[in-house]
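The values are calculated or read from the model by the stated rules, or taken from the named source; none is laboratory data. Just so you know, these numbers come straight off a predicted model, no measurement behind them. Here Cβ is always computed from backbone atoms with ideal geometry, including for glycine, and neighbour counts include all displayed protein chains. Each accessible area value is taken on the protein alone, full model and side chains, heavy atoms only, with ligands, DNA and RNA left out. Shrake-Rupley method; radii C 1.70, N 1.55, O 1.52, S 1.80 Å.
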Amino acid sequence: YEALCLHDPVWYDHMPYIPFPATWPVFAPAKKLANWLEYYADAMEINTWTSTTVLSATQDAKTKIWDVKVRKTDGTERIFHAKHVVLATGFRGGKGYVPTYPGMESFKGQILHSLEHNRATDHTGKKVVVVGACTSAHDISVDYADHGIDVTMFQRSSTYVMSTKHGIPTLMEGRYSEVAPPVEIADKLSASMPNLVLAGISYRATRTIAELDKEILDGLNARGFKTNMGYKDCGLIPSVLAKAGGYYMDVGGSQYIIDGKIKVKGGTEIKEITEGGLTFEDGTQLAADVVLFCTGLSDPRHTVRTIFGDDVAEKIKPAWGVDEEGEINGVWADSGVHGLYQMMGNLAMCRFFSKHVALRTWFPRTKWKTRD
């Protein structure tokens, strides 16, 4: 959608080998980043195909070679024969998750997922209900408010909110900032910190950030917007690693809620969707012309199942969450299926861990299996 922007600071998001220019904004808007990616692919001589759909992928049981069938928009099809396939399908991958409610088929307006949303002006003069209260819900709701469109955010459960003004310096000042060391050193410093130890540090840092953000958090709560302290009360980073969601890095959207530009509905559940809007369990109703679900993505294995089939989908390891040693499950490492890798996360994670995936593709499984 047009209102999309990065919520990680530019010093954290540098691409491998070619960092962003010093003049780059701290939080890059989507169109600017898209132009950069085109430039990057050209400068790095990366053979990139866009407007192409992956139809299927099958693996030869003996050679372990993948046959990946694709179709371009002009109808031409091609089969790639590859030793390795990397799924780089977004922060979580999968398809958009839209919960099912009674009466959805009778709704006279438009029901969308955030993946299908384009721009706020598509709904000029209409009443919009945004279901969800994390990053995409805030970005899209702010865009509606900026264009004078009546928007209400329905919050299903509490959200961890951290301002970028206070939270980013507290968490990243010594590693990713204008005064930090080069990104290659910062990456090594970050990766050297075990995730389980990081959780303890984050627990304390989260309380510091909450004190600095007290005015914002109190203002949100006064409007009926419920906040929490993050996954296991440890704030942003553990929420990212464990859930890949459930948070909002505030780049201004919270003030819109505090000022009443974005209305908030919560404290109840959706009972049904009627012809003209939503009815809630507490008996209240909310008129709507558009219901836009910012409810995240489904299990990443949905994409695996669609492309690779049920057998591979059952074998591949779950993505995200941490194991008993604090290691992240299923991404940037052995996926459970030979020659198949899941590459997810933000730009910083992909910058660092892409090297690990690249190294794995250099060695046959028999050589590195004993080192896992």
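Residue by residue through the stretch 301-334, note down the ones that are free of Cβ contacts under 8 Å to residues at least 60 places away in the same chain, within 22 Å of LEU196 (Cα to Cα) and not basic (Lys, Arg). Correct list: PRO318, ASP323, GLU324, ASN329, GLY330, VAL331, TRP332, ALA333, ASP334.
The rows are residues; the columns are (1) buried (at least 17 other Cβ atoms within 10 Å of the Cβ); (2) at pLDDT below 95; (3) of a type in the set (Phe, Trp, Tyr); (4) under 25 Å from the mean Cα position of the chain (by Cα).
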position	(1), (2), (3), (4)
GLU314	no, yes, no, yes
ASN329	no, yes, no, yes
TYR341	yes, yes, yes, yes
ALA348	yes, yes, no, yes
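A single entry from GLY246, GLY260 fulfils the requirement of being more than 30 Å from MET349 (Cα to Cα), out of contact with any Pro (no Cβ under 9 Å at 6 or more places or on another chain) and among the small types (Gly, Ala, Ser): GLY260.
With respect to TYR176, is the statement that it is in contact with a Pro (Cβ under 7 Å, 6 or more places away or on another chain) and of a type in the set (Ser, Thr, Tyr) true? Yes: the conditions hold for TYR176. For ASP143, the conditions (1) farther than 30 Å from ARG204 by Cα; (2) open to solvent by less than 10 Å² (accessible area, probe 1.4 Å); (3) not basic (Lys, Arg) all hold with the exception of (2).
Checked against the criteria, LEU87 does not count as outside the structural domain of LYS188 (by the TED database) and under 30 Å from ASP250 (Cβ atoms). Taking THR159, is it farther than 18 Å from TYR1 by Cβ, crowded, with 20+ Cβ neighbours inside 10 Å and among the β-branched types (Val, Ile, Thr)? Spelling it out, THR159 is indeed farther than 18 Å from TYR1 by Cβ, crowded, with 20+ Cβ neighbours inside 10 Å and among the β-branched types (Val, Ile, Thr). Residues in the stretch 234-248 that are more than 11 Å from the chain's Cα centre (by Cα) and in a helix (DSSP H, G or I): LEU236, ILE237, PRO238, SER239, LEU241, ALA242. With respect to being in a loop (DSSP other than H, G, I, E, B), of a type outside the set (Asp, Glu) and surrounded by fewer than 16 Cβ atoms within 10 Å (Cβ to Cβ), THR63 fits the description. Taken over the stretch 89-129, residues that are open to solvent by less than 80 Å² (accessible area, probe 1.4 Å), in contact with a strand residue (DSSP E or B) (Cβ under 7 Å, 6 or more places away or on another chain) and charged (D, E, K, R) amount to 1.
Which residue out of PHE352, PHE308 is over 17 Å from the mean Cα position of the chain (by Cα), over 26 Å from GLU184 (Cβ atoms) and of a type in the set (Phe, Trp, Tyr)? Answer to the check: PHE308. Quick check on the stretch 1-53: of everything there that is assigned to a helix (DSSP H, G or I) and in contact with a Lys or Arg (Cβ under 9 Å, 6 or more places away or on another chain), which residue is least open to solvent (accessible area, probe 1.4 Å)? Looking at the filtered set, the residue picked out is TYR12.
From the list GLY245, GLY252, the lone residue that is surrounded by 17 or more Cβ atoms within 10 Å (Cβ to Cβ), in contact with a helix residue (DSSP H, G or I) (Cβ under 8 Å, 6 or more places away or on another chain), outside the structural domain of HIS356 (by the TED database) and in contact (Cβ under 8 Å) with a residue 12 or more places away in the chain is GLY245.
Residues that are in contact with a Pro (Cβ under 6 Å, 6 or more places away or on another chain) and farther than 17 Å from ASN346 by Cβ within the stretch 10-29 are absent altogether.
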